[in-house]
Every structure is written in structure tokens, then in C-alpha cells.
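Heads up: the structure comes next, in C-alpha cells.
The values are calculated or read from the model by the stated rules, or taken from the named source; none is laboratory data. Since the model is a prediction, treat every value here as computed from it, not as a measurement. Cβ atoms come from the backbone with ideal geometry, glycine included; neighbour counts cover every protein chain shown.
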Amino acid sequence: MRIFAISDVHADYPQNMALIQALSGREHQRDTLLLAGDVTDDLARLSRVLRGLREKFAHVFFVPGNHELWLRRDEQGDSVAKFGKIMRLCTDLGVATNPARVGSGSDEPGAWVVPLFSWYVKPEQGPESLYVPREGDDPGLSMWADEVLTRWPERLSVADHFLDMNEPHLGREYDAPVVSFSHFLPRREVMFRSPAAPPPRAGRAVRFNFSRVAGSTRIEAQLRALGSVVHVHGHQHRNRDRVIDGVRYVSNCLGYPPERARGEIGESCGSLKLVWDNGSKAG
């Protein structure tokens with residue numbers, strides 16, 4: 001039994017959609033796929049992607065990213081209501097959004113896959129932010145589309161709203177290794193190529209500071225409570241694979257075609273990433 005991961009497939013790009021559709025329909029019939037958000041904000045296109053993947057894999061697990069919760073001008077309601085629509089779509093298609101054990105049998109223990117819903121904490125919203133100061137960054141996030149394309153109920157703490165959904169799963173006893181995944185980042189270190197965060201840049205204007213919208217340390221607390229041996233995340237369009245304090249952290253983002261063309265995303269760009277194999281214990 002194998003578990004593969006990919007995120008940020010951005011299927012609105014025809015080139016990306018073609019890569020997803022080209023995945024083998026025979027090679028993965030016994031495998032599990034973790035799809036860690038940012039497929040598309042278009043529900044019809046999201047349905048097309050999820051349905052196609054469900055036909056190719058034994059199990060598909062999914063958590064929405066920020067793009068899924070965007071609302072275009074003609075969409076009614078708010079982003080919480082859209083999240084509900086996405087959850088109903090997943091149920092209809094047989095795509096898992098709750099913990100489940102996969103690959104267990106008489107000769108192998110399998111693994112528990114635990115999806116973690118999440119959102120980011122901005123630096124002004126609390127100490128759970130992953131913010132790293134950089135000289136000249138834009139506190140108003142004028143380049144960040146979420147500021148325009150998401151709508152939330154008044155006074156909603158967005159990150160807490162989604163992370164609270166995971167709490168019932170944290171106190172369970174898991175009788176096999178736990179592989180968890182979220183769209184957003186759980187800790188600062190995974191943003192950077194080296195394990196240590198770099199010092200703030202001086203003398204250079206940085207219009208957009210990704211760490212303002214990267215994730216939340218509460219995701220880290222939750223995966224530790226689960227006892228995860230592997231945690232997959234997306235969002236940053238920079239691929240990483242490293243072990244920190246006994247947990248393997250993996251991001252495997254497809255990202256935007258121009259990013260791939262410039263070589264910015266990194267290892268495994270454009271393909272699935274094996275994150276667990278019962279035979280080799282890739283975790």
C-alpha cells in the first residue's frame with residue numbers, strides 16, 4: 001500500500017489539468033492520494049478533477065485550500081457556505097475528508113490518514129502566526145487575492161473556525177502510523193530551504209511577504225497531538241522534504257506553469273510524491 005501526495009494543482013491552467021488527467025488509470029488502483037488543496041475555485045472544475053482522480057486511486061483524501069473558498073462576482077453567500085458545498089461534493093464523489101485507515105490487511109498494518117482543515121493566522125491576529133519580519137513588506141497585502149475574493153461572516157476567527165473542526169480527531173487512539181495533511185503550513189522552518197529561518201532582509205523592498213499568510217502553529221500542535229509520523233502540506237509553491245523533531249514534513253506543489261518553467265518550485269515538481277509505502281516505510 002502506497003500513499004502519494006500532491007497539492008496546488010491549479011487546474012484552471014490547461015497545462016496543469018492535462019498533467020492531472022495524464023496520471024495512470026492502472027498504476028494506482030491500490031494506492032491512496034492526498035490532495036492538499038488549491039485545485040480551483042470553480043466547483044464544476046473541482047468536481048471534474050476529483051471524479052477523475054477517484055477513478056484512478058483506491059482512496060482520495062482532500063482538504064480545501066484558500067483558492068477553493070474564493071467567490072466570484074456571481075457567487076452568492078460567503079466562503080463558509082462554499083466550504084459546505086465542497087464537503088457535500090466530496091461526499092457525493094466518494095472523496096474522503098475525515099480520518100480513515102487505509103491499506104490494512106492480514107499482512108500489513110496500513111496507516112491512518114488524517115486530513116486537517118486549516119487557515120492562516122496573520123501577524124496582527126495572534127501569536128499562532130508564522131510571520132517572519134522582512135524590511136519593506138506590504139502589511140496591507142495589496143497583492144493577495146484572498147483579501148478580495150473571500151467573504152466571511154462578521155467577527156469570525158477564520159483559522160480557529162477550521163482548526164476547531166479537527167479537535168474531535170485529536171484524542172483518538174490510532175492503531176497504525178498516522179499520516180496527516182493540511183493545505184497551510186504548520187511551522188516556520190518548512191518555508192525555507194534550510195531548517196533555520198533566515199534573518200530579516202535589509203536594504204531590499206519586499207512587496208509581498210508570504211509568511212504573513214503561510215499558516216498557523218496550531219496546525220503543528222494538532223499534528224503532534226495526533227502523533228503524526230508524516231505531515232504533508234501545500235500552499236507555498238516551494239517543495240520540501242525534511243525531518244524535524246521526528247516528523248517528516250513534505251510539500252509537493254504542482255504550482256503555476258511559469259514557476260515550473262523558471263525552476264522555482266523544486267524537487268518532484270510536476271509529479272506525485274511517494275510519502276508512505278508499507279513495504280519500505282517511507283514515512
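Miscellaneous remarks
- Matching residues in region 116-125 - criterion: being out of contact with any Phe, Trp or Tyr (no Cβ under 8 Å at 6 or more places or on another chain) and either in contact (Cβ under 8 Å) with a residue 24 or more places away in the chain or part of a strand (DSSP E or B) (or both): Val121, Gln125
- Criterion (closer than 25 Å to Asn209 by Cα and hydrophobic (A, V, I, L, M, F, W, C)) met by exactly one of Val247, Val275, Val232: Val232
- Within region 129-153, considering residues that are charged (D, E, K, R) and surrounded by fewer than 19 Cβ atoms within 10 Å (Cβ to Cβ), the one farthest from Leu33 (Cα to Cα): Glu135
- Region 214-229, subset among the hydrophobic types (A, V, I, L, M, F, W, C) and under 13 Å from the mean Cα position of the chain (by Cα), residue surrounded by the most Cβ atoms within 10 Å (Cβ to Cβ): Ile219
- Some residue of region 220-234 being modelled with pLDDT of 95 or more, assigned to a loop (DSSP other than H, G, I, E, B) and at positive phi: yes
- Number of residues in region 12-64 that are crowded, with 22+ Cβ neighbours inside 10 Å, farther than 20 Å from Asn98 by Cα and touching a Phe, Trp or Tyr at 6+ places or on another chain (Cβ under 7 Å) equals 1.
- Meets criteria (surrounded by 19 or more Cβ atoms within 10 Å (Cβ to Cβ) and modelled with pLDDT under 95) for Ile265: yes
- Filter result for Glu68 (surrounded by 17 or more Cβ atoms within 10 Å (Cβ to Cβ) and over 17 Å from Cys269 (Cα atoms)): yes
- Screening region 175-210 for residues that are among the polar types (S, T, N, Q) and modelled with pLDDT of 95 or more and picking the one that is farthest from Val243 (Cα to Cα) gives Ser182.
- Counting only residues that are surrounded by fewer than 18 Cβ atoms within 10 Å (Cβ to Cβ) and under 20 Å from Ala18 (Cβ atoms), region 235-257 holds 1 of them.
- Meets criteria (buried (at least 21 other Cβ atoms within 10 Å of the Cβ) and farther than 27 Å from Ser228 by Cα) for Ser118: no
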